[in-house]
Amino acid sequence: MKYFKSILLVSLFAVLSIGVAAQDMLVDKVVVSRHMERVDSVAPHNMLLNESYVIPSMDMYPKWENTGVHFTATLPDSFKIDLTGFVMPTTSRKITDIFGYRPRRRRVHNGLDIKVERGDTIYAAFDGKVRITAYQRRGYGHYVVIRHNNGIETLYAHLSKKLVIENQNVKAGQPIGLGGNTGRSTGSHLHFETILLGKCIDPAKLFDFKNQTVTGESYVYRRPGSRYIENGKVKVAGPEPKFHKVKSGDTIAKIAKKHGVSQRSIFKLNGLTANSIIRPGQRLRVQ
């Protein structure tokens, strides 16, 4: 009888042991299954991110060069620039000069000037890859150009020091330089450009420095003169600014007649009055 009891106890222990082991195996299987499910769900997500961020840049920029900030390229009729995942390039909110033609300097300003102090940290605006790090004594000073996964490039100029090298991958918010006053600059500031296929876009259309944010989740660039539909209506994107280089004998009246615009509009676009004097070589915006 004792023998049978011992056999029964041993058998019961074996069954319980197998049950515990099987239960452990089942738990492990569930944990692994959940992990794989999580991996399976992340993988397509990452693939989607790669398609939406990397491929547009690859398709639009067939060449990778470490020279030439601005270049001529065929621009699409429209291009949607994803602004999510951004970091403001500086914590400064003070704009000291805007984008566009500057009458007092008689030249086009391709970016925004933001007041920073020498040594202030400058950050990459989006994930991307450093295309250019260079120095221009009579231009940008120390500057960095980054090509981003969302299709645009950003330029950071007049730096006192560059913290990245060409062909380096960077993340949004990564320090890429220090504020300064190098190159053609009259005071410590950051000259910031946003560029699509070599063409400068007003950074204020993408970045709101005053409120330290972007203007929306995305910005749609439309090539001047291209047609698009908005609210069921066909619209035409506005024209590019147009300029006239003053020649000997030119007057505002002659310039206005040549370009089919009013004298008043030329005065307004260039900050002039009827008593202003124009000189040969001066560039006037006429549109």
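The values are calculated or read from the model by the stated rules, or taken from the named source; none is laboratory data. This one's a predicted model, so the numbers in the text were calculated from it and none came from an experiment. FYI the Cβ positions are ideal-geometry reconstructions off the backbone, even for glycines, and counts take in every protein chain you see.
Here are the numbers:
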quantity: Test result for Asp202, free of Cβ contacts under 8 Å to residues at least 24 places away in the same chain and touching a strand residue (DSSP E or B) at 6+ places or on another chain (Cβ under 9 Å); calculated: no
quantity: Listing of strands (runs of 3 or more DSSP E) fully contained in segment 69-136 that carry 2 or more residues being more than 30 Å from Val286 (Cα to Cα) and at pLDDT 90 or above; calculated: 121-123, 128-136
